[in-house]
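To keep things clear, I will list the structure first and then write my remarks on it.
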Amino acid sequence: MFYKWGRFAFRHRRIIPLVVIVLILAMQVLFGSKLGERLSQEGWEDPGADSTTAAAIEQETFGRDNSGDVIMLVSSPEGIDRQELLDEANAQLSSLRDQFPNEVAHVTSYFERPNPQLVNAEHTKAFAAIGLKGDGEQTLKDFRTIKPALEAMELPGATVQVAGATAVADALDEGMAADIARAEKIGLVFVAVILLFVFGGVVAAAMPLIVGILSIIGSLSLLSVLAQYQQVNIFSQSIITLLGLGLAIDYGLFMVSRFREELDRGADVEEAVAVTTNTAGKTVFFSALMVGVALSGLLMFPQAFLKSVAYGAMSAVLLAAVISVAVLPALFGMLGPKIDMWSVRKASRRARRLQDTVWYKIPAWAMRHAKAVVVGCAALLLLLTVPIVGITFGGINETYLPPSQATRQAQDEFNEEFPAFRTDPVKLVVTGADNQQLVDIVMETRQVEGLAVPLKPAHATQDGTTVLSAPLADRAGGADVVKQLRNIDTPEGVETYVAGTPAMETESIEALLKRLPWMALYMVIATFLLMALVFGSVILPAKAVIMNVLGIGATLGFLTAVFVDGLGAGALNFTPGPLMSPILVLIISILYGLSTDYEVFLVSRMVEARQDGESTDEAIKRGTAHTGGIITAAALIMIVVAAAFALSEIVMMKYIAYGMIFSLALDATLIRLLFVPAVMHLLREDSWWAPRWVKRLAGAFGEGSSLSTPPRTDTPISDMVPDTQPGRAGVSVSEDASLVPFTQLMRDLEERRARQALEQLKKKELER
């Protein structure tokens with residue numbers, strides 16, 4: 001199928017790129033340009049959880065709780081009660097109310113009505129709470145409307161800081177937008193430099209970049225379409241950019257490298273395109289399919305945030321594969337040998353034997369010391385996993401911003417001075433209780449430990465519904481407080497719901513513990529079956545799954561040590577603390593997908609060598625030698641893209657980026673170059689075992705379905721740069737069609753030798 005598509009793409013090489021590019025640009029104009037206005041800050045909660053039900057009851061009865069939307073914190077070392085200061089602050093707040101009647105719902109201010117609860121004990125700090133009218137996404141829009149006026153406020157002898165839940169959400173949103181801009185500007189520049197170094201020419205380097213840019217435009221347009229029908233969290237845009245850009249460029253890199261390799265062997269352009277599509281193209285397709293399967297595991301979780309990330313990331317990865325397999329072969333057909341145009345460095349045109357490359361020597365060394373390498377690698381990975389036992393979970397708040405960020409500093413100061421007014425209280429929603437029953441419940445809540453102040457009504461009882469609210473004494477104690485509130489005795493006919501941010505965090509952790517094992521089982525089974533289809537073996541997929549688990553464990557241990565325990569937090573400019581449970585689920589899915597991706601690229605070339613008649617050990621070394629440099633370059637590109645996001649101000653984005661960097665570095669070096677060859681060497685012929693029905697399916701759909709490229713023994717390489725046009729006696733093949741290229745003569749000889757070797761191998765197997 002892929003071979004036929006390669007020839008089809010060659011024959012229609014001028015039409016296919018034009019059609020795809022026009023479609024993607026049309027999607028961008030029609031849908032992609034509207035993405036920003038369709039994204040949401042919400043979607044972290046479980047729609048079926050008690051806290052979500054409670055929030056809906058509260059909003060339906062009393063309206064949205066907007067008391068902590070915006071906090072204007074005023075500080076004056078000279079004292080906050082100076083009449084000049086009070087008058088000016090009151091005047092500016094009144095002006096704000098008059099200027100934005102459609103955005104400001106109410107203002108509760110110490111400066112208008114001095115309330116001892118709204119000023120600190122030293123009377124050096126006081127605040128005004130500004131409630132916004134909008135619900136949902138309109139709340140953030142309302143804040144951005146009044147934000148310039150808030151930032152312009154100046155008071156005599158005092159400083160003004162802006163905090164509050166909506167202000168924090170705005171800061172997080174701006175940080176994520178900056179991440180995307182940074183990745184697109186800085187990341188692409190560095191990626192281009194790497195590609196230029198790898199390929200040595202501008203045209204060849206441009207091919208993966210074209211795939212990356214088209215994939216990002218297309219996937220974000222698809223995300224915009226999705227946002228019309230379901231809630232899409234703004235965070236998903238960063239994830240899509242990170243994954244889509246990195247993987248798209250990686251896929252382009254593999255395709256370009258294989259095309260140049262086929263030209264280097266002396267194939268004509270059409271045959272080179274067909275073989276490239278049939279080998280690298282098919283591998284890219286199955287690899288993307290496995291990454292998509294890993295990401296689809298996120299759909300098992302109820303949070304809209306995870307679902308939107310799953311849909312967006314899956315579309316980005318699969319679109320990257322489709323563009324790589326559809327557009328690049330057509331471009332290769334148009335370019336042919338001109339893919340080496342505009343070279344920026346001279347590379348040796350003399351072919352080097354695979355045996356002389358470092359990518360051949362490293363796995364050979366690992367195989368000679370197989371037992372020691374396996375034990376050492378496994379021990380190291382397990383040791384790196386140990387810190388994961390200290391992982392803790394929490395919710396998104398101002399601590400996800402860097403300590404130096406203005407909104408973060410304002411919120412920290414407000415929380416310290418006014419702990420009773422923190423913007424993430426725990427709530428108990430009571431319905432159906434009479435006065436005495438409500439009194440009994442309130443008295444019972446007095447026994448709850450871990451609250452900064454006792455629970456008290458946030459509103460007067462309305463329609464039989466009462467909301468009790470209080471901040472936590474310590475954010476880390478939220479789960480214990482929620483547990484105590486759940487255990488309160490409720491009279492018959494009375495319903496109680498624990499709500500607020502602490503309850504949402506607790507329920508999110510419970511969803512994680514309940515669904516994560518099922519997600520893991522699904523990913524393992526699905527990718528195992530796909531790899532068995534591609535490799536024609538059940539041993540190799542089992543090995544891949546085990547190594548993926550070890551690699552992910554090591555990465556999570558590293559991330560726990562850094563982001564929870566605080567190793568290097570000062571240098572990286574973030575505050576260590578509990579991790580959001582949805583982020584853990586997300587990073588596991590991403591890491592498993594990427595690990596499987598590189599496994600497919602590596603082992604596919606081993607399988608190809610095995611089909612060409614090589615022994616197991618030789619297939620391992622040749623497969624690693626052919627892909628080692630390419631996988632390293634691909635990992636480096638992905639690391640560069642992730643590094644652009646590692647500079648993020650948002651802690652959860654840092655977590656994902658550093659996780660990818662560590663995992664990719666570990667995967668491309670320790671695991672792929674040492675661990676995999678050593679394990680396969682110990683397994684020997686068992687590596688290729690599978691039931692007959694698996695072999696038949698693999699022959700129909702997987703690696704065995706390929707139109708095999710001619711068997712090769714001592715395949716030369718030349719730093720991924722094709723040789724010049726083969727020729728003899730000063731006359732090139734293009735000038736005299738009757739001539740047979742020397743590379744073709746050698747290939748025919750190699751084919752004959754390989755067939756003989758294969759026949760001898762089969763004979764030995766029959767004798768056994």
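Scanning the stretch 287-306 for residues that are assigned to a helix (DSSP H, G or I) and either touching a Lys or Arg at 6+ places or on another chain (Cβ under 7 Å) or buried (at least 24 other Cβ atoms within 10 Å of the Cβ) (or both) returns Ser287, Ala288, Met290, Val291, Ala294, Leu295, Gly297, Leu298, Leu299, Met300, Phe305, Leu306.
Can you tell me which of Ala267, Ala248, Ala310, Ala204 is among the hydrophobic types (A, V, I, L, M, F, W, C), closer than 19 Å to Trp44 by Cβ and out of contact with any Lys or Arg (no Cβ under 6 Å at 6 or more places or on another chain)?
Values: Ala267 fails: closer than 19 Å to Trp44 by Cβ; Ala248 fails: closer than 19 Å to Trp44 by Cβ; Ala204 fails: closer than 19 Å to Trp44 by Cβ.
The conditions single out Ala310.
Evaluate the stretch 400-407: report whether one residue or more is touching a strand residue (DSSP E or B) at 6+ places or on another chain (Cβ under 8 Å) and outside the structural domain of Thr669 (by TED's automatic domain parsing). Yes: one or more hits. Does Ala326 satisfy being farther than 16 Å from Ile240 by Cα, part of a helix (DSSP H, G or I) and not charged (D, E, K, R)? So Ala326 passes the test.
Residue under question is Thr490, and the condition is that it be in contact with a Pro (Cβ under 6 Å, 6 or more places away or on another chain), touching a residue at least 12 places away in the same chain (Cβ under 8 Å) and polar (S, T, N, Q); does it hold? Answer is no for this residue. Against the numbered list (1) surrounded by 17 or more Cβ atoms within 10 Å (Cβ to Cβ); (2) closer than 30 Å to Met652 by Cα, Ala181 comes up short only at (1).
Which one of these is over 30 Å from Ala49 (Cα atoms) and part of a loop (DSSP other than H, G, I, E, B): Ala248, Ala280, Ala267, Ala274?
Details: Ala248 fails: part of a loop (DSSP other than H, G, I, E, B); Ala280 fails: part of a loop (DSSP other than H, G, I, E, B); Ala274 fails: part of a loop (DSSP other than H, G, I, E, B).
Just one listed residue meets the conditions, Ala267.
When Ala571, Ala609 are checked against the criterion of being among the aliphatic types (A, V, I, L, M) and either closer than 20 Å to Pro402 by Cα or at pLDDT below 85 (or both), Ala571 stands alone in meeting it. The set of residues in the stretch 185-230 being buried (at least 19 other Cβ atoms within 10 Å of the Cβ) and either of a type in the set (D, E, K, R) or not in a helix (DSSP H, G or I) (or both) consists of Gly200, Gly201. When Gly493, Gly478 are screened for being surrounded by 22 or more Cβ atoms within 10 Å (Cβ to Cβ), not assigned by TED's automatic domain parsing to the domain that holds Leu381 and not β-branched (Val, Ile, Thr), only Gly478 passes. Looking at (1) part of a helix (DSSP H, G or I); (2) in contact (Cβ under 8 Å) with a residue 40 or more places away in the chain, which one does Met72 not meet, given that it meets all the others? Tallying (1) part of a helix (DSSP H, G or I); (2) in contact (Cβ under 8 Å) with a residue 40 or more places away in the chain, Met72 fails exactly one: (1).
The values are calculated or read from the model by the stated rules, or taken from the named source; none is laboratory data. Bear in mind that the values here come from a model prediction, so they are computed numbers and not experimental data. For neighbour counting, all protein chains shown are included, and Cβ atoms are generated from backbone atoms with ideal geometry for every residue, glycine included.
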